[in-house]
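The values are calculated or read from the model by the stated rules, or taken from the named source; none is laboratory data. Because the structure is predicted, anything quoted here is derived from the model rather than measured. Here the Cβ positions follow ideal geometry from the backbone for every residue, glycine too, while neighbour counts run over all protein chains shown. Areas reflect the complete protein model, heavy atoms only, side chains present, ligands, DNA and RNA absent. Shrake-Rupley method; radii C 1.70, N 1.55, O 1.52, S 1.80 Å.
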Amino acid sequence: MESSNPSFETVMSCVFGIEPHETRTYLALVDRPGSTIDELEGPLERDRSTINRAMATLYERGLVRRDRRLLDAGGYVYQYTAVALPEVKVMLHDFPDLWTETVHDAIDEFDGE
């Protein structure tokens, strides 16, 4: 984050360790709760496999929730919903404090060997 005035997208990518396209995927999902990967292909202009990998990363980071919907023809599909933006902002605010605590602990444990 070399910019003195980074965008929200840049901060989110940096703090959560996600790629810019994954941040865009999260923001697209904010506007389209309950979407499937197929439903996001058009708005994101990305292929299905790229969106699927992005969703897996976002899910691992706790930024999206997924629900399994049974299909009439059999099988299922996942519907994704973004964690509410206010909740993500709290996570973003908390991260520097957690990181600082971890760094301080590492410094305190370092004995020079």
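Amide H contacts under 5 Å for V64: Y59, V83, restricted to partners 5 or more places along the chain or on a different chain, H placed in the peptide plane at 1.01 Å from N. On a per residue basis, the chain carries 68 Å² of accessible surface, using protein heavy atoms and a 1.4 Å probe. Relative to the Cα centre, the charge distribution of the chain, modelled as +1 at Lys and Arg Cβ and -1 at Asp and Glu Cβ, gives a dipole magnitude of about 860 debye. Percent of accessible area on the chain owned by carbon and sulfur, 1.4 Å probe? The value for the chain is 49 percent carbon and sulfur by accessible area. Length gained on full extension, H21 to Y76: 17.2 nm, using 0.36 nm per residue less the C-alpha separation. On a 0 to 90 degree scale, rounded to 10, what angle separates helix 48-60 from the longest Cα axis of the chain? It is inclined by approximately 50 degrees. Subtracting the Cα-Cα distance of R68 and V103 from their residue separation scaled by 0.36 nm leaves 8.7 nm. A quarter of the convex hull surface defined by the alpha-carbon atoms of the chain gives 10.2 nm² as the mean projection.
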